[in-house]
Amino acid sequence: MSIDKFTTLTTTMIPLPIENVDTDQIIPARFLKATTKEGFGDNLFADWRYDKAGNPKKDFVLNNPNYSGDVLVAGKNFGSGSSREHAAWAVAGYGLKAVVSSYFADIFKNNSLNNGVLPVQVSDEFLKKIFSAIEKDAKTQIEINLENQTVTLLSTGEKESFEINGYKKNCMLNGFDDIDYLLNIKEEITEFEKKVPTFSAL
Amino acid sequence: MKGKTLFDKIWDSHVVKSIPNGPDVLFVDRHYIHEVTSPQAFEGLRERGISVFNPKRVLATPDHNIPTKNQHLPIKEELSRLQVEKLEKNCAENDIQIFGLNTPNSGIVHVVGPELGLTQPGMTIVCGDSHTSTHGAFGSIAFGIGTSEVEMALATQCILQPKAKRMLIKIDGELGSVVTSKDIILYIISKMTTGGGTGYFIEFAGSAIRSMTMEARMTVCNMSIEMGARGGMIAPDQTTFDYIKGRKHAPTGENWERAVDYWKSLCTDDDAEFDKEFHFDANDIEPMITYGTNPGMGEKLSGSIPVLDSIDTASQTSFSKSLNYMGFNPGDKLEGKQIDYVFVGSCTNGRIEDLRSFANAIKGHKKADGVVAWIVPGSKLVEKQAIEEGIKDTLEEAGFELRQPGCSACLAMNEDKIPAGKYSVSTSNRNFEGRQGPGARTMLASPLTAAAAAITGKLTDPRKV
Ligand code: SF4
């Protein structure tokens, strides 16, 4: 299995200037009953996006035709709460390729990387600049360059670099998958298991 | 050479190899699974044409979706039933032990593991569920993972993880009579904020922690994830060993002696260093309640909701949005607020001590008219014990009812949903928008505070009942 390769992305953005967006908002629990990974994109942010009757709420950004793009820009501490990977499937299923925020919750970060969605962590100041650039012009663009680990606001040329560990970067650039890597060292793992302390068998 | 922390000792002894400039390959001793986050992982194995690496290290129990009434009947809700059946089928096909619905050892995965002696000091434990941090109370490295990682752990008994940084949180001093471990952790999260622990593994220490029972320690570690931490842990001691001894899957005979010898070595060395340290004084802590839509928005029950000026400008929009959802105003006094529902249960406070303390608090009182209360044991064993100890009778005399075990209204995936706009005092761990049902307004608290609210129909300081 593999994920989509990620190199450079130039795109308009969808702004969500709310802090502490938790995974219960990204995908509410009632949508977790599926047994496949398909179809979660339709329910991304379901409770903010649709009213009780299932009609799109006009004031929510995903329903605002002025905003579109492959990148979601979100307030500080995105993806906190539950470990549900369904949140990453919803983000990926909606067609997003990256999420930009000034802080990410750990598990969400791993989950999104495992699904080919790049979490880009920028400084609070840079995040502010991005939000105000979008406020000025909804069609303003951003460039995310994974190879150089940079994110650039194209309207002003302002640039910041972001962190990603070398292994994950390589996986994203080449579309590799962690499990393939681990299966390749299966014998080492089998040997290792013999040494770990075990006091009661199941 | 500097000494090692507890976290370092366990982590380092489980690293199969380190990938240069990348994560570690970490061997997993125990892998717990449940119905919601595992089906896609098994599907992945099937697509790859591979089998489970070592089924003996995996244990399953359905908990998130199951009804808390009439568990002997087929599950009515079709999608929930399918997920539970899928878990049964995947376990059967892969030779994995499952504690099936309504069988004697079933229940919430984080309640079941410890009470059966499956969770032991020094282990690495994962589960596709963020509250896996609960098991850290035994001095193990336990953390939640996503479904890709569930697939990874099933396929290879390892997961790829960068090593977290180390944080020490020390709580010294004595706790007041009605102050519980839930109040301690809500207090700490309110100080640390929901992102304050991101990137860290926390060791909880200090005299207040040492004096806690295992169940109280589990409540603390359970909610360490609510400050963003990878997990929380507490060094094992005599309290830990006494709790494990004699449980169904605990080591026995000579193995027990060997195990305890090893477990005693699991502590942070005196000269070890942490990346960050925080100290709290237990004497400062009072019964707590949350007023907002994340677990960091907590306050003393005797206090008030913060005023807008006291909030960081950047956070004011989120703060107002949150209070708007809750139907509260900045500066509101918390005591006296009317409530509609009470939920006692979950992997945070659904163990026998929690039910016991709730039952003791309501003894001799009656449930307030108009309050709906759901008392949900964390497992079948807890339910059984609650019946044997007479807790069920006490509950019924006061107008309450003991339901059957499961996650229930903690995340409202089954029928137990708080209706939109209603206020719920809940002993669970998350007060996110819609967590207990679309539009539900959750206030997190200890079982004692929940009891006081259930009797009076409003937020009430447990000292005044
Ligand atoms: S009780 Fe709540 S927090 Fe615990 S495992 Fe179940 S849903 Fe998750």
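Listed values, structure above:
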| quantity | calculated |
| --- | --- |
| Convex hull of chain B built on C-alpha atoms - directionally averaged projected area, nm² | 22.4 |
| Carbon + sulfur, % of accessible area of chain A - ligands and nucleic acids excluded, 1.4 Å | 47 |
| Solvent exposure, largest accessible area first (probe 1.4 Å, DNA, RNA and ligands not counted), of A:Lys168, B:Lys422 | B:Lys422, A:Lys168 |
| Hydrodynamic radius by Kirkwood, which averages 1/r over all alpha carbon pairs of the stretch B:290-464, in angstrom | 16.2 |
| Inter-label distance for A:Lys159 and B:Asn54, nm, one decimal - labels placed 7 Å from Cα along Cα-to-Cβ | 4.9 |
| Amide N proximity, the stretch A:57-88 versus A:Ser123 label position 7 Å along Cα-to-Cβ, cut-off under 18 Å | A:76-77 |
| Residues losing 50 Å² or more accessible surface upon assembly, the stretch A:17-43, compared with the chain by itself, 1.4 Å | A:Glu19, A:Asp24, A:Lys33, A:Thr35 |
| Accessible surface, 1.4 Å probe, highest first, among residues B:Lys321, B:Lys333 | B:Lys333, B:Lys321 |
| Above-threshold pairs, the threshold being 28 Å between Cα atoms, out of A:Lys76/A:Lys168; B:Lys300/B:Lys422; B:Lys86/B:Lys417; B:Lys384/B:Lys464; B:Lys182/B:Lys422; B:Lys276/B:Lys422 | B:Lys384/B:Lys464; B:Lys276/B:Lys422 |
| The stretch B:216-261: translational diffusion in µm²/s, Stokes-Einstein, Kirkwood Rh over Cα pairs, 10 °C, 1.306 mPa s | 129 |
| Accessible area per residue, Å², the stretch B:6-263 with all protein chains present, probe 1.4 Å | 29 |
| Translational D in µm²/s for the stretch B:1-155 (Stokes-Einstein at 4 °C, 1.567 mPa s, Kirkwood Rh from C-alpha pairs) | 79 |
| Computed E for B:Glu77/A:Asn63 - FRET, C-beta separation, R0 35 angstrom, nearest 0.05 | 0.75 |
| Solvent-accessible area lost in complex, 30 Å² minimum, residues of the stretch B:234-275 relative to chain alone, 1.4 Å | B:His249, B:Arg258, B:Tyr262 |
| Solvent-accessible ranking of B:Tyr32, A:Tyr181, B:Tyr423, largest area first, probe 1.4 Å | A:Tyr181, B:Tyr423, B:Tyr32 |
| Listing of the stretch B:421-456 residues, each with accessible area lower by at least 20 Å² in the full protein assembly than in the chain alone (probe 1.4 Å) | B:Arg430, B:Phe432, B:Glu433, B:Arg435, B:Pro438 |
| Column: log10 I(q)/I(0), Debye, Cα scatterers of the protein assembly as shown, q = 0.06, 0.10, 0.11 Å⁻¹ | -0.30, -0.90, -1.11 |
| In Å², nearest 10: area of A:Thr156 left accessible to a 1.4 Å probe | 90 |
| Rounded to the nearest 10 Å², the accessible area of A:Asp4 at probe 1.4 Å | 110 |
| Chain B: relative contact order as a whole-number percent, Cα under 8 Å and 6+ apart | 17 |
| The stretch B:290-464 - percent of accessible surface contributed by carbon and sulfur, probe 1.4 Å | 47 |
| Per residue value of the accessible surface for the stretch B:290-464 (all protein chains in place, 1.4 Å probe), Å² | 34 |
| Relative contact order of the stretch B:290-464, pairs being alpha-carbon contacts under 8 Å that are 6 or more residues apart, as % | 28 |
| Pairwise burial A:B, computed as accessible area of each alone minus the pair, summed, 1.4 Å, Å² | 5800 |
| Per residue accessible area of chain A, 1.4 Å probe, in Å² | 43 |
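The values are calculated or read from the model by the stated rules, or taken from the named source; none is laboratory data. Since the structure is predicted, the reported quantities are computational estimates derived from the model, not experimental observations. Every residue, glycine as well, gets a Cβ built from its backbone with ideal geometry; the counts of neighbours run over all protein chains shown. Ligands, DNA and RNA are stripped out before the accessible areas are found, and what is left, the full protein with its side chains, is counted by its heavy atoms. Shrake-Rupley method; radii C 1.70, N 1.55, O 1.52, S 1.80 Å.
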